[in-house]
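J.: Here's a structure for you.
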Amino acid sequence: MRLIPVLFAVLLATPVTSQQMHSSMGHASDAPQETGQSAFAEMAEIVALLQADPETDWGAVNIDKLRDHLVDMDLLTRKAEVTRILRPDGARFEVRGSPRVLSAINTIVPAHAPFLAGETGWSVASEEMEDGVALIVGGDGEQIQGLGFFGLMTIGAHHQEHHLMIAKGGKPHH
């Protein structure tokens, strides 16, 4: 059947305006839709959810605390230095950084370990080191090694709920 490749080529060659693309995606105008840098976009999304919820306790809301957490996530992602020590069933990831990055590492890595274990069923432990934190993960060795430290840190659909809880004034890692 040559019809499908020909139809695909015709569709690719058909010009689509920005307006048509936005309309087909449910956007009514050519106005920008992105709220900005990812941390800013996350805060904007959380603020919109809080404003839409008539039960929001505005006296407890703390967007600054959410921002601090997002900064920690950014520092961990962009500035942490990771040494990977492979094991047959997984890996040990030794995570280090400057004093400010180390603060983010100490906050996020141990807190994420139980979420990662719960989501995957793997053995997951964090270990405090003099100059960092080790994340030791055992289970599907090939997948763990393929994902690496940063891929493992993304596992679990708890981040969004966690961010909303922080913004509402809840304890961030319990």
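The values are calculated or read from the model by the stated rules, or taken from the named source; none is laboratory data. In this text the structure is predicted, and so the values were computed from the model without any measurement. Ideal geometry is used to build each Cβ from the backbone, glycine not excepted, and the neighbour counts take in all protein chains shown.
J.: Go over the candidates Arg67, Arg84 one by one and state the one that is touching a helix residue (DSSP H, G or I) at 6+ places or on another chain (Cβ under 9 Å) and in a helix (DSSP H, G or I).
T.: Arg67
So that you can scan it fast, the table gives a plain yes or no per residue for (1) modelled with pLDDT of 90 or more; (2) among the β-branched types (Val, Ile, Thr); (3) over 26 Å from Leu135 (Cα atoms):
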position	(1), (2), (3)
Phe8	no, no, yes
Ser23	no, no, yes
Asp30	no, no, yes
Glu34	no, no, yes
Ala60	yes, no, yes
Lys65	yes, no, no
Arg100	yes, no, no
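J.: Tell me which residues, restricted to the stretch 117-128, are surrounded by fewer than 16 Cβ atoms within 10 Å (Cβ to Cβ) and without any contact (Cβ under 8 Å) to a residue 12 or more places away in the chain.
T.: Passing the criteria: only Glu127.
J.: Residues to consider are Leu102, Leu147; find the one that is under 15 Å from the mean Cα position of the chain (by Cα) and either buried (at least 16 other Cβ atoms within 10 Å of the Cβ) or in a strand (DSSP E or B) (or both).
T.: Leu147 is the lone residue from the list that is under 15 Å from the mean Cα position of the chain (by Cα) and either buried (at least 16 other Cβ atoms within 10 Å of the Cβ) or in a strand (DSSP E or B) (or both).
J.: Within the stretch 78-120, track down each residue that is closer than 19 Å to His163 by Cα and among the aliphatic types (A, V, I, L, M).
T.: Scanning the stretch 78-120 gives Ala104, Ile105, Ile108, Val109, Ala111, Ala113, Leu116.
J.: Here is a follow-up. Mind telling me which of the residues Pro110, Pro114 ends up being assigned to a helix (DSSP H, G or I) and in contact (Cβ under 8 Å) with a residue 12 or more places away in the chain? Steps first, answer last, please.
T.: Values: Pro114 fails: in contact (Cβ under 8 Å) with a residue 12 or more places away in the chain.
Checking each option against the conditions leaves just Pro110.
J.: Could you list, in sequence order, all residues of the stretch 60-93 that are exposed (fewer than 13 other Cβ atoms within 10 Å of the Cβ), free of Cβ contacts under 8 Å to residues at least 12 places away in the same chain and within 21 Å of Gly169 (Cα to Cα)?
T.: Hit for the stretch 60-93 is Asp64, nothing else.
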